[in-house]
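I have placed the structure first, in the form of structure tokens, so that the comments after it can refer back to it.
The values are calculated or read from the model by the stated rules, or taken from the named source; none is laboratory data. The shown structure was predicted, so the numbers you read here are calculated from the model rather than taken from an experiment. Here the Cβ is made from the backbone with ideal geometry for all residues, glycine too, and neighbour counts use every protein chain on show.
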Amino acid sequence: MWPPRSSSAAQKHRSTGLMGLTLFDKLWQEHLVEQQPDGTDLIYIDRVFLHERTGSIALSSLAAAGRRVFCPQQVFCCMDHIVDTYPDRSDDTTMPSGRDFIVATREGAQAAGLNLFDLDDPRQGIVHVVSPEQGIAQPGLTLVCPDSHTCTQGALGALAWGIGSSEAEHALVTKTLRVKRPRSMRVRFTGELQPGVTAKDMILYLIGRHGAAGGSGCAVEFSGPAVQALDMEARMTLCNMAVEFSAFTGLIAPDAATLAYLQGRPYAPRGEHWTAAEAYWRTLYSDADAVFDAELEVDCGNIQPQVTWGTSPQHVVDVTARVPAAVSTDVVSTDAVSTDAVSADDASTDAGDAAGRARALDYMGLEAGAAIAGTPIDCAFIGSCTNARISDLRLAAAVLRGRRVRPGLRAICVPGSMQVRAQAEREGLDQVFRAAGFEWRASGCSMCFYAGGEHFGFQQRVVSTTNRNFESRQGPQTRTHLASPATVAASAVTGVITDPREMLSQ
Amino acid sequence: MKAFTVHEGIAAPMDRANVDTDLIIPKQFLKSIKRSGFGPNLFDELRYLDEGQPGQDCSGRPLNQDFPLNFPRYQGASILLARENFGCGSSREHAPWALEDYGFRCIIAPSFADIFYNNCFKNGVLPIVLSEEQVEQLFAEMYAQEGYALTVDLQEQKVLTPSGEVMPFQVDAFRRQCLLQGLDDIGLTLQRADAIRAYEEKWRQQSPWLFGAIK
């Protein structure tokens, strides 16, 4: 967020040159070409990703200006935002004029000699799923994409962040960006997650406790034993929603799990290059005496499955809790009402957000004080760069196996990439989804957002594994409840918002 | 890009926190690979009573008369007063394009989301951060006085209210310069090409796998 909070203790600390560095400091310093007289830093960008929605604009604009891409082999184009996810899809899309975006991206990529994961490519999928899957995102590199969820890729220990189309042009042409150095924050997750609680619940819980602007202006490092215990895909889910916390980006220090994940992937280094890379990657952690501008700690033992009730990711409660009132002092009741949204450290956010909460309750068609579990839903959606990797599909399938979606409810699964889809089919998960009554789709961003193409119906209530519950995000006046794949699957079965733990334990 | 030096214009309210870019320009209207023509769909959900369709002529659509931008007093407004975390959510540059196409040259808020803030400067729109108290004061004065207009002087980095009160603001020197002159920052950065190449050579030595292992 702008402005960054003033007074950087960490900056003073760094300037002494004697003390430890954070992971972010190390990545930033390695990529600093030069400091500009105006106080911004010229940062070298190792890799650029584009997708057909914003990438097409950047590429057309560049061509119109007669400018060339500095290093085409380091640029990767994905088709994910506008493409349909019906199995027999083509360049023609449900969204009017979608073909223009797809063709412009394809032609722009071919003309400039960029890497392209086209619609018919078996590697096609959502940019933030494809990049790690192909080994393109790696520890210690900088990566940008004109897409706000680029922070997902920080899970590998990369410095990856979302930019606009004009900045993408700047990165393509100059291999750099002018950036004001963000502040640093560390969020330590301690304790152990309870069974049935996932990385999605961790990040929603964090945002619920500290607000949708809680990480504003900060590069947020997620650390602590509960983060180290997460597999790589769960780490991506955690970092994915750093932007919903208003962070500049999220990142996690690479460890043995990161290396094991990367080794052998198509774009990962091999042989001597791997050895050299690994030696460097092992230096990428925050020093014990590093100082952060801000630190938060979350005990994972307290986290229940989370579900949003409103129109901001900070409008979130335990699935066992009740919908809070607009004014938080009214909501504290004796039973299982979550303290998350009404915690003391959040009081200022609450006061300022009272009008927002009232509007959200009205928009969502919910009564303050009602239990969130049991709220009838119209649709269930499993997909997006947040939660559509193979481990997410396995988790949802564990709930769905031998069960059926409640009749009349529309349930859709859109794998994060065609590779994820193929893997799921090898494991027979597609059969589980289909048998349960889920539509089984090709890959793309799909109905994570309403882009003029396919969408959920007017005011339909959707429980969704995606990342944004904004007004009309998934269709006209749709009412989105964000949750984990387990919670979405369990809710699809019962037809109402449901705590997944009972079904998972059976 | 249009240069921005001194601008005087009517102020209009967007009186809610965390206005996200979906609200500024809903995704279904991002139908063109062009950068212009998004103004009629700015704040579409709030502005019209019907459900807008991409490609539709908006001139005959029913207006939401409760939405301030539709009030007669705010017609022709070019300065938007907003609340905290304005422009959060999706990175779409269509948000400043839509604001600019509608006629807004300046947005004043206590804070902005990062990507949106950057995107504004790239498109001739000046985002100004003032304190919560100052923004509150501007809102109050605007509500109290029809035709309330502000003068924004980027050269002097000041907002001037009708009563003559001066509110200084901060802006990065580089961004200010680019906006004052309507300059394209890519051209300026290319002047640093030697430094970039020198860095790249050093980085290639240090991290050969980033250069060698592709393809």
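Test residue A:408 against the criterion of being outside any helix (DSSP H, G or I) and either without any contact (Cβ under 8 Å) to a residue 24 or more places away in the chain or of a type in the set (Val, Ile, Thr) (or both), and give yes or no.
Working: outside any helix (DSSP H, G or I): yes; either without any contact (Cβ under 8 Å) to a residue 24 or more places away in the chain or of a type in the set (Val, Ile, Thr) (or both): no.
No: the conditions fail for residue A:408.
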Strands (runs of 3 or more DSSP E) lying entirely in the range A:299-390 (those with 2 or more residues that are of a type in the set (D, E, K, R), assigned by TED's automatic domain parsing to the domain that holds residue A:81 and at pLDDT below 95): none
Kindly state which helices (runs of 4 or more DSSP H) lie completely within the range A:424-506 and contain at least 2 residues that are of a type outside the set (Val, Ile, Thr), without any contact (Cβ under 8 Å) to a residue 60 or more places away in the chain and surrounded by fewer than 22 Cβ atoms within 10 Å (Cβ to Cβ). A:429-436
Determine whether the range A:79-97 contains at least one residue that is assigned to a helix (DSSP H, G or I) and not aliphatic (A, V, I, L, M). no
Pairs returned, first residue in the range B:142-158 that is over 29 Å from residue B:181 (Cα atoms), second residue that is modelled with pLDDT of 95 or more and in a strand (DSSP E or B), beta-carbon separation under 6 angstrom, 6 or more apart or interchain, are B:142/B:11
Quick count over the range A:170-189, residues being more than 10 Å from chain B (Cβ to nearest Cβ) and either in a strand (DSSP E or B) or in contact with a Pro (Cβ under 6 Å, 6 or more places away or on another chain) (or both), is 7
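Among what's in the range A:149-166 and is assigned to a helix (DSSP H, G or I) and at pLDDT 95 or above, pick the residue that is farthest from residue B:120 (Cα to Cα).
Within the range A:149-166, the match that is farthest from residue B:120 (Cα to Cα) is A:156.
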Residues A:238, A:259: which one is among the hydrophobic types (A, V, I, L, M, F, W, C), surrounded by fewer than 24 Cβ atoms within 10 Å (Cβ to Cβ) and outside any loop (DSSP other than H, G, I, E, B)? A:259
Within the range B:96-122, work out how many residues are in contact with a Leu (Cβ under 9 Å, 6 or more places away or on another chain), aliphatic (A, V, I, L, M) and within 13 Å of chain A (Cβ to nearest Cβ). 3
Regarding the range B:27-46, can at least one residue be identified that is in the same structural domain as residue B:83 (by TED's automatic domain parsing), among the aliphatic types (A, V, I, L, M) and without any contact (Cβ under 8 Å) to a residue 40 or more places away in the chain? yes
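Do the conditions hold for residue A:448, that is, is it within 14 Å of chain B (Cβ to nearest Cβ) and either modelled with pLDDT of 95 or more or within 30 Å of residue B:55 (Cα to Cα) (or both)?
Numbers: within 14 Å of chain B (Cβ to nearest Cβ): yes; either modelled with pLDDT of 95 or more or within 30 Å of residue B:55 (Cα to Cα) (or both): yes.
Spelling it out, residue A:448 is indeed within 14 Å of chain B (Cβ to nearest Cβ) and either modelled with pLDDT of 95 or more or within 30 Å of residue B:55 (Cα to Cα) (or both).
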Condition first: more than 7 Å from chain B (Cβ to nearest Cβ), among the aliphatic types (A, V, I, L, M) and farther than 23 Å from residue A:115 by Cα. Now tell me which residues in the range A:29-82 satisfy that. A:32
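Considering the range A:454-474 alone, what residues qualify as being more than 22 Å from residue A:202 (Cα to Cα), in contact with a Cys (Cβ under 9 Å, 6 or more places away or on another chain) and not polar (S, T, N, Q)?
Once the filter is applied, which keeps residues that are more than 22 Å from residue A:202 (Cα to Cα), in contact with a Cys (Cβ under 9 Å, 6 or more places away or on another chain) and not polar (S, T, N, Q), the range A:454-474 yields A:456, A:457, A:461, A:473.
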Restricting to the range B:146-204, name every residue that is within 11 Å of chain A (Cβ to nearest Cβ), crowded, with 17+ Cβ neighbours inside 10 Å and part of a helix (DSSP H, G or I). B:174, B:175, B:176, B:178, B:185, B:186, B:189, B:196, B:199, B:200, B:203
